[in-house]
1. Just to confirm my numbers, what's the Cα centroid distance between the range 154-171 and the range 8-33 in Å?
2. I need the peptides 46-52, 35-41 ranked by packing, meaning the mean over residues of other C-beta atoms within 10 angstrom, with the highest value on top.
3. How big is the range 1-108 along each principal axis, measuring the range of its Cα positions in Å and listing the largest first?
4. Which angle from 0 to 90°, rounded to the nearest 10, does the C-alpha axis of helix 77-87 make with the longest principal axis of the chain?
5. Using all Cα-Cα distances in the range 151-255, what percent lands in each 5 angstrom bin from 0 up to the longest?
6. Using packing as a proxy for protection, rank 331-337, 226-232, 128-134 so that the peptide with the highest average count of other Cβ atoms within 10 Å comes first.
7. Quickly rank 148-158, 72-82 as a protection proxy: mean count of other C-beta atoms within 10 Å, highest first.
8. Where does helix 291-301 land angle-wise versus the long Cα axis of the chain, in degrees 0 to 90, nearest 10?
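Coordinate-derived values only; no laboratory data. Because the structure is predicted, anything quoted here is derived from the model rather than measured. Cβ placement follows ideal geometry from the backbone for every residue including glycine, while neighbour counts extend to all protein chains displayed.
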């Protein structure tokens, strides 16, 4: 009777596609009832379950062992890597045994680009120190046999793992220019380049041109991320498409949190007209920032204070001072104003 009940619970779990329609507490109980049977799921089914769990923040220390056991049984190597990539989160507190299990899964697959992506996350999130395996994957990683999606994954991993060998990054830039690539993959490659201060003028000019071509159809999140990446590199100029970028910003319905990032990105490169920055004060009020949230954002804006209208800056600083009780943040803002 118990087995029948569990089986029906697993069937209930598998009916959810993309999102569930029960309370978070009910869904948590459903995961507790079924997690020992995750090994019965194929890769696609397990992928769906992990997405549901991530949405409710249930890819946690209590469930990681069950997920790792199930992932080891997935036959499709690509899906196995996708699953690993999804469960390696900054909030996880992996044990040494779990890290060893992940290493074994990575080595057994021998897909070096995805392996580098996962190991880079482990370096960034968990202070992962097994340089021997990381170097092995770098040495076996044949850039010339890698497609754009794989190259994007590898670049993120190499950047997070703080791998700074210039020759490898030069090889990646050269190969990237020859590839057929979707813009999302290209953005991940460029992110890796930007985080490690790599990429030559040819690479960045090409990326900026592809970015410009995307402006009519790009979604706001990808636009915001791309602008952050581009404005943090010091090789190529954005001036040729500055007007198009500003037109996109002013005429799109962009979420206010993305607008805050966009203001900093534009000002960092001395881009944008007074029309753009005249929206800043209004947008701050619409966002309804207050207290420490407001002063933290004003501190971030101070890095580009010379670009902001004085009246706007004065209003924001006065509001930040009046609303924050955090003396450390107040002192930090005061030092930036001097």
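1. 40
2. Details: 46-52: 19.3, 35-41: 16.9.
Top of the packing list down: 46-52, 35-41.
3. Here the spans come out as 38, 27, 25 Å, largest first.
4. 60
5. 2, 13, 25, 24, 19, 10, 6, 2, 0
6. Numbers: 331-337: 12.7, 226-232: 20.4, 128-134: 14.7.
The most tightly packed comes first, giving 226-232, 128-134, 331-337.
7. Working: 148-158: 24.4, 72-82: 16.1.
Per-residue Cβ counts within 10 Å, averaged per peptide and sorted highest first, yield 148-158, 72-82.
8. On a 0 to 90 degree scale, this one is about 70.
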